[in-house]
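Chemist: One structure coming up, written as structure tokens, with questions to follow.
The values are calculated or read from the model by the stated rules, or taken from the named source; none is laboratory data. What you are looking at is a predicted structure, and each value in this text was computed from that prediction instead of being measured. No Cβ is skipped: glycine too gets one built from the backbone with ideal geometry, and neighbour counts run over all protein chains shown. Areas reflect the complete protein model, heavy atoms only, side chains present, ligands, DNA and RNA absent. Shrake-Rupley method; radii C 1.70, N 1.55, O 1.52, S 1.80 Å.
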Amino acid sequence: MDQETDWGKEMYRIEAVLKSPLMIGGKKLNNNYRESREYIPGSVLRAAYARALIQRCVFEQKNNRLVFQEQSQCEECAFHTVCRHFSEIPFPALYPFGGSPYPVTAREKKYKDDQNHKDHKDEKDIEEAGIYDILKSRLTGQGKAQGESEWSRLEGIHKHGRKVRLIHSAITRTAIDYQRNAAKEGFLYTQNVVSEKYLNEKDELCDVSFSGQIRLSPEEERELSQIRVLHIGADTTRGFGICHMLFAEETEVDTPDQIETRIQKFNSGIAGEQRFVILDLLTDAYLELEDIGADSISQTAVSDEQMLSYLENKIGLSNEIYHLRKAFKFQEVYRGIDTSKETEAGMRRQAHLVVQAGAVFVYQALAKDLDKAEQLEKDGMGQYAALLEKEVNGIGQYTEHGFGKIRVCDEFHITYDVSGGKQA
């Protein structure tokens, strides 16, 4: 699969450079405290662009939903193409500096010892010296590594293994009673927002940027590029979420050959005809887990075999070639409000059980099946090209909003493997 597909789409790098504090609503820890997420979900990015296009539209858009009007004036509009195809454009999740979440198999030392500082002079080397990935050791039956009792799960977002550390700042506000022109009693609340600046390796304050890959036609990219300033997230009327938007041709595009190389490297040293094929989940995924079992949300009665069989079906790799052996994952319940509905009952959305980003799905396939020629795929693709297509299209529901994005056998598992990667 080339960078440019049969339908004229190309891969671009989209970047949002933060110019004011960012508030991306997460879970409320209590009634008067909200903490921002450290990334921009694709659904939030889509909403920001929809709002920008609605403000530029000469026609009324009901319920603040962007709908192409099919009027003669639309043909002369500077955003004609992107407005017509808006619902079909897959908006990606944007991570700080183009990073990605740590896999759930990542570990770090609970305490950095003095030996790390003696052996590694560079700050980056000191930090990376205590990073490990336990996936391969678990799959090959090696058991726990030496010193693993002193490790803890490594969470957050990383760029080439190094943790991205954003600055948060707490802003306390009070709600206003406009009839009394005074503060509302009991409505003091705090927002923990992402700052627009961060400290780089040289302790210099620099702009925070969020980036990701987006597939667009050249005309869609040209039109979206005209929106140079975008207001993203919550409380934009108070000046939050001002971003300068940049587009560029993506130079780091995955290929079937690169996927084949990563799979071979991961399986290096593993005897037998079976090959592990790893799917790393880069964004949260809607895999309809709430439909399993009688008690679907808590899933207390769901066995491991039932879960693996269900996930295998939802992820959608060929059952003739791939078998899902393990799923390292965490999940959470998503609830929400649809503000386009008029009644309170209609506004409340159904609860969904979502697999969190960082999950690792471990498949097995025979080496000879992975290497079979093109006849295995009805559209003429080999298996590595089919895996690349799964990377492009994602898994589960709402992939057009950036959910369910995967990477096949991420380099993290190879670089930081406890049996042969970087370790102290």
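Chemist: When you go through ASP203, ASP177, ASP235 one by one, which is the residue that is of a type in the set (Asp, Glu), at positive phi and either open to solvent by less than 30 Å² (accessible area, probe 1.4 Å) or without any contact (Cβ under 8 Å) to a residue 12 or more places away in the chain (or both)?
Modeler: Answer to the selection: ASP203.
Chemist: Please enumerate the residues belonging to the stretch 46-96 that are farther than 18 Å from LEU246 by Cα, part of a helix (DSSP H, G or I) and of a type in the set (Val, Ile, Thr).
Modeler: ILE54, THR81
To keep it simple, each residue is scored yes or no on (1) closer than 30 Å to GLN191 by Cβ; (2) surrounded by 15 or more Cβ atoms within 10 Å (Cβ to Cβ); (3) in contact with a Gly (Cβ under 9 Å, 6 or more places away or on another chain).
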site	(1), (2), (3)
TYR33	yes, no, no
TYR39	yes, yes, yes
GLY42	yes, yes, yes
ALA48	yes, yes, yes
ILE54	yes, yes, no
CYS57	no, yes, no
ASN64	yes, no, no
SER72	no, no, no
CYS77	no, yes, no
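Chemist: Within the stretch 283-297, does at least one residue satisfy the condition of being modelled with pLDDT of 90 or more, open to solvent by less than 30 Å² (accessible area, probe 1.4 Å), β-branched (Val, Ile, Thr) and assigned to a helix (DSSP H, G or I)?
Modeler: no
Chemist: Looking at (1) touching a Gly at 6+ places or on another chain (Cβ under 7 Å); (2) closer than 21 Å to LYS405 by Cβ, which is the only condition ALA234 fails?
Modeler: Here ALA234 meets the rest and fails (2).
Chemist: List every residue pair whose Cβ atoms sit under 9 Å apart, with the two residues 6 or more apart in sequence or on different chains, where the first one lies in the stretch 59-80 and is within 25 Å of VAL44 (Cβ to Cβ) and at pLDDT 85 or above and the second, anywhere, is β-branched (Val, Ile, Thr) and open to solvent by 100 Å² or more (accessible area, probe 1.4 Å).
Modeler: Going by the 9 Å Cβ cut-off, the qualifying pairs are CYS77/VAL58.
Chemist: Quick one: which residue in SER303, SER225 is hydroxyl-bearing (Ser, Thr, Tyr) and in contact with a strand residue (DSSP E or B) (Cβ under 6 Å, 6 or more places away or on another chain)?
Modeler: Result: SER225 is the single residue among SER303, SER225 that is hydroxyl-bearing (Ser, Thr, Tyr) and in contact with a strand residue (DSSP E or B) (Cβ under 6 Å, 6 or more places away or on another chain).
Chemist: Additional query: Please count how many residues of the stretch 353-370 are open to solvent by 20 Å² or more (accessible area, probe 1.4 Å) and either modelled with pLDDT under 85 or of a type in the set (A, V, I, L, M) (or both).
Modeler: 2
Chemist: Hey, could you check the stretch 142-174 for residues that are in a strand (DSSP E or B) and without any contact (Cβ under 8 Å) to a residue 24 or more places away in the chain and say which is farthest from VAL104 (Cα to Cα)?
Modeler: THR174
Chemist: Follow-up question, since we're still on this one. Between TYR102, TYR12, which is open to solvent by less than 20 Å² (accessible area, probe 1.4 Å), at pLDDT 80 or above and over 15 Å from the mean Cα position of the chain (by Cα)?
Modeler: TYR12
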